[in-house]
Amino acid sequence: MIPSAYVHIPFCAHICTYCAFARTARLDWIEPWLEQCVAEIQTSLRHARKEDENFALQTVYFGGGTPSLLSVDQLKRLTDCFQPYLADEYEWTIEANPESIDKEKLRFLHQAGLNRLSIGIQTFDDARLKQLGRHHSSSQAKECIAMARNAGFDNISFDLMYGFLDQTPEQLENDLDAFLDLDVEHLSIYSLILEPDSILGRRQTEEMDEQESGQLFEQIETRLEKAGYTHYEISSYAKENHYGLHNVLIWQDGLYYGFGYGAIGRNEQGLYHHTGGLKDYIEGNSQLEYDEDANPWFDAIMTGLRTIFGLNLNAWNKKYGFDFEARYPKTLERYADHFQLKDGYLSVDRKGMEILDSILVDFLMEDESAGSI
């Protein structure tokens, strides 16, 4: 049974300069996309319930793009697909931008059963927001929280970014101050990456020095942990165990539906996506395609070690048919001071989180030397 579902809503009113996700500003395509996506969801979930009468989803995630761009009527048609298939206890998240969310949408979403809101803030610096191509202000971001609370949401997450080329520790501290003042339950904070397919990636070639970025990472960790947040994943902080359960399931090598153009899913056959472009999907000419070059056992290592929960070695050995310790002796020895093994779960310490990219490269090199990828 697949316990989770991700729906990709690929529409944006404007394209942010840093974004390289599957997205479009062709808002006139929303209606035909919605018709196709609803049909895909209903077909899959009805089949799952027919195969297993106890089938139920533990997590649902609406991502994008900008899901909050949809109208209340459009959101209703989408949410109606999932309501008959929710577990008794579930997490249902929607991503939202401050400028496209309002009281009516928030009230509808909460009444429809969505119980987690992920808001794309990125920064509270208005000048930086313009640089990133965002169309909201810091004051709008703060007003959005008040509206969400009034609508009944008690599980809210922010997205912030750091590592801008000219960013100072003081500027980062201002963003952290603003975040903490709002007292929300969760933060996802990402270092800026210049994606080659993004507007910013084509304009700018120089990134922040790795050492400077590392110092900002430590600044974030120190400040948030002091404020009572648990650093449970390399880019994620939660207060009072408000972990993002959908992402936790994925990081723990779980299975999930990927609905809609731009979505990635994972079933027993592996990772899959929809072929072609958005127009192909709308016209019914898109198929599910599996990644032929996949290395699922390494993906499981990569995502498991990103979290404080770690990698379940017994489950990994059983699923992929390897002996973990026999397969990666050099990497385990090289970083022995940073690995922790408890109750069969392998994790890394605080320093290990900082150098995780290097650790993962060494795991991958041992895979290549084993000749199985």
More than 18 Å from residue 237 (Cα to Cα), at pLDDT below 95, among the small types (Gly, Ala, Ser) and not in a loop (DSSP other than H, G, I, E, B) - does that describe any residue in the range 130-138? yes
Tell me, which helices (runs of 4 or more DSSP H) lie completely within the range 232-341 with 1 or more residues that are open to solvent by 20 Å² or more (accessible area, probe 1.4 Å), closer than 30 Å to residue 184 by Cα and of a type outside the set (S, T, N, Q)? 245-251, 296-304
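If you scan the range 159-175, which residues turn out to be of a type outside the set (Val, Ile, Thr) and surrounded by fewer than 20 Cβ atoms within 10 Å (Cβ to Cβ)?
Residues satisfying the conditions are 159, 165, 166, 169, 170, 171, 173, 174.
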Between a residue in the range 278-299 that is more than 30 Å from residue 310 (Cα to Cα) and any residue that is part of a loop (DSSP other than H, G, I, E, B) and of a type in the set (S, T, N, Q), which pairs come within a Cβ distance under 6 Å, given they are 6 or more apart or on different chains? 280/286; 286/275; 287/275
List the number of the failed condition for residue 81; all other conditions in (1) closer than 18 Å to residue 184 by Cα; (2) among the hydrophobic types (A, V, I, L, M, F, W, C); (3) in contact with a helix residue (DSSP H, G or I) (Cβ under 8 Å, 6 or more places away or on another chain) hold. (1)
Within the set of pairs 6 or more residues apart or between chains, which connect a residue that is over 19 Å from residue 124 (Cα atoms) inside the range 177-201 to a residue that is at pLDDT below 95 and among the acidic types (Asp, Glu) with Cβ atoms less than 7 Å apart? 194/207; 201/195
Residue pairs qualifying under the 6 Å Cβ cut-off, at least six apart or on distinct chains, with the first in the range 141-152 being among the β-branched types (Val, Ile, Thr) and the second being surrounded by 15 or more Cβ atoms within 10 Å (Cβ to Cβ) and part of a helix (DSSP H, G or I), are 145/182
Could you go through the range 22-38 and let me know if any residue there is at pLDDT 85 or above, in contact with a Ser or Thr (Cβ under 8 Å, 6 or more places away or on another chain) and either of a type outside the set (A, V, I, L, M, F, W, C) or open to solvent by less than 40 Å² (accessible area, probe 1.4 Å) (or both). no
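Here is a yes/no grid of residues against (1) at pLDDT below 95; (2) buried (at least 20 other Cβ atoms within 10 Å of the Cβ); (3) farther than 17 Å from residue 151 by Cα:
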| site | (1), (2), (3) |
| --- | --- |
| 63 | no, yes, yes |
| 72 | no, no, no |
| 76 | no, no, no |
| 81 | no, yes, yes |
| 85 | no, no, yes |
| 89 | no, no, yes |
| 94 | no, yes, no |
| 98 | yes, yes, no |
| 106 | no, yes, no |
So, residue 155, is that one under 19 Å from residue 60 (Cβ atoms), of a type in the set (S, T, N, Q) and either open to solvent by 50 Å² or more (accessible area, probe 1.4 Å) or touching a residue at least 40 places away in the same chain (Cβ under 8 Å) (or both) or not? yes
Which of the residues that make up the range 57-111 are assigned to a helix (DSSP H, G or I), touching a Gly at 6+ places or on another chain (Cβ under 8 Å) and among the hydroxyl-bearing types (Ser, Thr, Tyr)? 79
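The values are calculated or read from the model by the stated rules, or taken from the named source; none is laboratory data. Keep in mind the model is a prediction, meaning the values are calculated, not measured. Heads up, the Cβs are rebuilt from the backbone with ideal geometry, glycines too, and the neighbour counts pull from every protein chain shown. Just so you know, the surface numbers come from the protein's heavy atoms only, side chains and all, with ligands and any DNA or RNA stripped out. Shrake-Rupley method; radii C 1.70, N 1.55, O 1.52, S 1.80 Å.
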